[in-house]
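The next block holds one structure in the form of structure tokens; read it before the comments.
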Amino acid sequence: MEPRPKEFMVRPIDFTRLLEELPGLGLCLDLAHAAAAGDGVPDEFVLELGGHIRHIHVSNVEEGRVHLPLDRGRLPITPAIARFIRGFTGAITLEGATESGLKAAQVGLERLQELMKGGDHGDKPGVPSGRNPPIQGGTS
């Protein structure tokens, strides 16, 4: 799901025909990979294909790297993504642990909870999303 050789399904439009031809098929939205496809792509997925998303993978991303812990990198959670996750009833997987065990899970969950409360932008539900820049996650 990143624009690189041999990847042919990168943007929401690429999935539209497949989803039309296979009713009931769901998507796993990996926010880090969607962000690697370009600014605004994660928003496009939730706005255009939100009804098909069954699972979300959440991790941080920075130039050339995906699946970083939530306390590092640039997290691709815009107001539109935050609103979508707040109402999401499917599974959410936290990725990017650099430590094993409970500590890594606690750090990821705490950071995700901060972002869902408004993150670094003070997002409030109902605010139009537009093409907002990703917020900065973590301290590095």
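We did not get these values from a lab; they are worked out from the coordinates using the rules stated. Small disclaimer: the values here were computed from a predicted structure and weren't measured. Note that we place each Cβ from the backbone using ideal geometry, even for glycine, and neighbour counts take in every protein chain shown.
Derived scalar couplings between HN and Hα for the stretch 87-95 equal x, 6, 10, x, 7, 10, 10, 8, 10 Hz in order, rounded to whole Hz, by the Karplus curve 6.51 cos²θ - 1.76 cosθ + 1.60 (θ = phi - 60°), x for Gly and Pro. Distances between placed amide hydrogens fall under 5 Å for ASN60 paired with HIS67, LEU68, LEU70, all partners being 5 or more residues away or on another chain. Once backbone amide H atoms are built at 1.01 Å from N, ILE92 has ILE56 as its partners under 5 Å, excluding neighbours fewer than 5 places away on the same chain. If R0 is taken as 30 Å, the Cβ-Cβ distance between ARG65 and ARG17 corresponds to a FRET efficiency of 0.45. Of the GluC sites (Glu not before Pro) found in the stretch 21-111, those that fall in a DSSP loop while having at most 11 other beta-carbon atoms within 10 Å are GLU63, GLU99.
Projected label points at ALA105 and ILE92, each 7 Å from Cα along the beta carbon direction, are separated by 1.6 nanometres. Its Cα centre serving as origin, the stretch 12-116 has a Cβ charge dipole (Lys and Arg +1, Asp and Glu -1) of approximately 300 debye.
Phi angles of the stretch 26-42 translate, via the Karplus equation with coefficients 6.51, -1.76, 1.60 and θ = phi - 60°, into HN-Hα couplings of x, 10, 9, 8, 9, 4, 5, 5, 5, 5, 5, 7, x, 4, x, 5, x Hz per residue; Gly and Pro are given as x. Residues whose amide H lies under 5 Å from that of ILE53, counting only those 5 or more places away or on a different chain, are LEU27; hydrogens are built 1.01 Å from N in the peptide plane.
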